[in-house]
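Here is the structure we will look at, set down as C-alpha cells.
The values are calculated or read from the model by the stated rules, or taken from the named source; none is laboratory data. This one's a predicted model, so the numbers in the text were calculated from it and none came from an experiment. In this analysis, Cβ positions are derived from the backbone assuming ideal geometry, glycine residues included, and neighbour counts consider all displayed protein chains. When the accessible area is computed, the model is the full protein with side chains, heavy atoms only, and any ligands, DNA or RNA have been set aside. Shrake-Rupley method; radii C 1.70, N 1.55, O 1.52, S 1.80 Å.
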Amino acid sequence: MTGIPRAPLWLGLAGLIPFIWGALTGLVDPLANWGAATLGGRFVGPYIQLFYGTVILSFMSGVLWGFATKISGAKATAGYILAVLPALWAFFMTSGGPVGAGLNLMFGFAGLLVLDAAFWHWRLAPRWWLKLRTLLTAVVLACLAVSVFL
C-alpha cells in the first residue's frame with residue numbers, strides 16, 4: 001500500500017493475526033483442535049475474534065479521541081462523542097452467542113470505518129489513514145464473516 005508509513009502498516013497487518021487465526025481455526029478442524037489443546041478454547045474460532053475485536057474497537061476509540069483533541073468548541077464535543085461510540089458498541093453489543101456477537105462486531109467495525117472516514121475528511125487523521133483503515137477493516141470483516149456465516 002503506497003503512501004502508508006511502514007511501521008503503521010506492518011503493525012496494523014500484525015494486528016490482523018487473531019482475526020485470521022480465528023477464521024482459520026473456524027474452517028480447519030485439526031487446527032482448531034490443536035489450538036484449543038495448546039492455547040485454550042478462548043484462543044480459537046470466533047472466541048478469539050470476539051475477545052480481540054472488542055479490545056480493538058475500544059483501542060480505536062482511544063485513537064479517535066486523540067484525533068478529537070486537535071479541535072475545539074462544539075466540533076470537539078462532537079468528535080469526543082463520536083470517538084467513544086466504538087468502545088460503547090463493543091461493550092453493549094457483543095454479548096450473547098458467537099454468531100450474534102460476531103455480527104454485531106462486524107457492524108461495529110463497519111461503523112468504525114465510517115468514523116475513520118469522517119475524522120479523515122475533517123483532516124484530523126493522517127493523509128494515509130483511510131487507506132490503512134480500509135485495508136484492515138476489509139480483512140477483519142472477511143474473517144468475522146467466516147465465523148458468522150459459515
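Within the stretch 84-100, take every residue that is in a helix (DSSP H, G or I) and small (Gly, Ala, Ser) and give me the one that is surrounded by the most Cβ atoms within 10 Å (Cβ to Cβ). Steps first, answer last, please.
Going residue by residue through the stretch 84-100, those that are in a helix (DSSP H, G or I) are 84-93, 98-100.
Filter once more, so that each one left must be small (Gly, Ala, Ser): 87, 90, 100.
Values: Ala87: 19, Ala90: 25, Gly100: 13.
So, considering only residues that are in a helix (DSSP H, G or I) and small (Gly, Ala, Ser), the one surrounded by the most Cβ atoms within 10 Å (Cβ to Cβ) is Ala90.
Might you check whether a residue that is closer than 22 Å to Arg123 by Cβ, at pLDDT 95 or above, assigned to a helix (DSSP H, G or I) and under 16 Å from the mean Cα position of the chain (by Cα) occurs anywhere in the stretch 10-29?
First pass over the stretch 10-29, keeping only residues closer than 22 Å to Arg123 by Cβ: 12.
If we keep only those that are at pLDDT 95 or above as well, we get 12.
Subsequent filtering for residues that are assigned to a helix (DSSP H, G or I) retains 12.
Checking which are under 16 Å from the mean Cα position of the chain (by Cα) leaves us with 12.
Yes, the stretch 10-29 contains a residue that is closer than 22 Å to Arg123 by Cβ, at pLDDT 95 or above, assigned to a helix (DSSP H, G or I) and under 16 Å from the mean Cα position of the chain (by Cα).
Taking the condition of being hydroxyl-bearing (Ser, Thr, Tyr) and touching a residue at least 60 places away in the same chain (Cβ under 8 Å), how many residues in the stretch 132-150 meet it?
Quick first cut of the stretch 132-150, residues hydroxyl-bearing (Ser, Thr, Tyr) only: 134, 137, 147.
Add one more test, that the residue is touching a residue at least 60 places away in the same chain (Cβ under 8 Å), and what stays is 147.
Residues meeting the conditions: 1.
If I ask for residues that are in contact with a Leu (Cβ under 8 Å, 6 or more places away or on another chain) and within 19 Å of Asn104 (Cβ to Cβ), which ones from the stretch 24-45 would you list?
Gly26
Would you mind finding the one in Ala142, Ala138, Ala118 that is assigned to a helix (DSSP H, G or I) and either among the β-branched types (Val, Ile, Thr) or open to solvent by less than 40 Å² (accessible area, probe 1.4 Å) (or both)? Working first, answer last.
Numbers: Ala142 fails: either among the β-branched types (Val, Ile, Thr) or open to solvent by less than 40 Å² (accessible area, probe 1.4 Å) (or both); Ala138 fails: either among the β-branched types (Val, Ile, Thr) or open to solvent by less than 40 Å² (accessible area, probe 1.4 Å) (or both).
Only one candidate passes the filter, namely Ala118.
Checking the conditions here, which among Ile81, Ile48, Ile56 is loosely packed, with under 13 Cβ neighbours inside 10 Å and either in contact (Cβ under 8 Å) with a residue 12 or more places away in the chain or within 29 Å of Ile4 (Cβ to Cβ) (or both)? It would help to see each step written out before you state the result.
Numbers: Ile48 fails: loosely packed, with under 13 Cβ neighbours inside 10 Å; Ile56 fails: loosely packed, with under 13 Cβ neighbours inside 10 Å.
One residue alone meets the criteria, Ile81.
Return the only residue of Lys131, Lys75 being modelled with pLDDT under 95 and part of a helix (DSSP H, G or I). Show your work before the answer.
On the way: Lys131 fails: modelled with pLDDT under 95.
Of the residues listed, the single one that is modelled with pLDDT under 95 and part of a helix (DSSP H, G or I) is Lys75.
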